[in-house]
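Notes follow once the structure below has been shown.
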Amino acid sequence: MPSHNTTNLSPSTFILVGIPGLESGSFWMAFVLCSLYIMAVAGNSAVLFIVKMEKSLHIPMYFFLCMLAAIDLVLSTATVPKLLSLYWSDMREISFGACLIQMFLVHSLSAVESSVLLAMALDRYVAICHPLRHASIFTNAVTAKIGLVAMARGVMFFLPLPLLILNLPFCGSKVLSHSYCLHQDVMNLACAGTTPNVVYGLTAILLVMGLDSLLIFLSYILIIHTVLQLASSKERLKAFSTCVAHICVVLAFYVPLIGLSVVHRLQNGHSPLIHVIMGNVYILMPPVLNPIIYGVRTKEIQRRILKLFRMESYGAAQ
């Protein structure tokens, strides 16, 4: 009989999972996920189009918003189509190479998004605490450089993850616990020591998402301190209202991230369904909510959207 301990250093495929215990409803659940994906693509594309067309929005705050929209478009497109094929057509297999690419995109783009959220927090801090210096500090050139640094930071910290996976042997189960590839998930299927993967993965997350979240928190402490020193309640409300959209976007990003991390750390105490739900929420919540949040909170974007609808209505009437 063949040995079950034969090591496969490069497995040909991994097996993705659908919705454990709800397989019969996966086909219909896919329609919900597809609707959310369409909303994400339409919303983020609209943000990019509106900022491009509206000259008054060519300022750092909205350029950062465009960066978020572009990241969300790529991140959702890298995962959701495969997820839909899994739910609709039961295509569970994903090749080893495609899994590594998907893993890299998910982790690196999440790091880039975290960096952009930090840059937006610093933008709000300077705008409120040092308003006279804001225009000279956050120029368009500086904003572009921040975007490039954020991209380089994400690639630099998370490119080693798939490279570390390449060195692991896989000789047992190849069934993942999510509907797409994550480093922690793939790593857990290895049949050798994964200490370097665990140490590096945790270090990268702490140095990127952990540090970013801490700096965002500190920036808002300084913002609140400055706002409370303003003379009138009307001025305080007006100053802090400029931060509401950003705070909501930060929560939409970090809450699912923390939830997914907790599920992985305590995976033995949770059902497989929790893994899948948290994974899908992490991928879809920011791309869906970000354009809605800024669309509701930003009058300039609202005006442009209403203008587009009026033009379409006028064209239809003709």
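Numbers at a glance
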| read-out | value |
| --- | --- |
| Among residues of the range 33-58, those that are open to solvent by less than 90 Å² (accessible area, probe 1.4 Å), more than 22 Å from V74 (Cβ to Cβ) and either part of a helix (DSSP H, G or I) or modelled with pLDDT under 85 (or both), counted | 2 |
| Members of the range 244-263 found to be under 20 Å from L211 (Cα atoms), touching a helix residue (DSSP H, G or I) at 6+ places or on another chain (Cβ under 7 Å) and modelled with pLDDT under 90, listed by number | G259, L260 |
| Every residue from the range 166-187 that is out of contact with any strand residue (DSSP E or B) (no Cβ under 9 Å at 6 or more places or on another chain) and part of a loop (DSSP other than H, G, I, E, B) | N167, L168, G172, S177, H178, S179, L182 |
| Residues of the range 217-237 classified as modelled with pLDDT under 90, open to solvent by 70 Å² or more (accessible area, probe 1.4 Å) and either under 9 Å from C129 (Cβ atoms) or not aliphatic (A, V, I, L, M) (or both), total | 5 |
| Selected residue (only one of C191, C181, C171, C129 is modelled with pLDDT under 95 and open to solvent by 50 Å² or more (accessible area, probe 1.4 Å)) | C191 |
| Sole residue being of a type outside the set (F, W, Y), closer than 30 Å to A190 by Cβ and modelled with pLDDT of 90 or more, chosen from A152, A135, A144, A121 | A152 |
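The values are calculated or read from the model by the stated rules, or taken from the named source; none is laboratory data. This is a predicted model, so every value here is computed, not measured. Cβ coordinates were reconstructed from backbone atoms using ideal geometry, including for glycine residues, and neighbour counts include every protein chain displayed. Please note that ligands, DNA and RNA were not included when accessible areas were found on the heavy atoms of the full protein model with its side chains. Shrake-Rupley method; radii C 1.70, N 1.55, O 1.52, S 1.80 Å.
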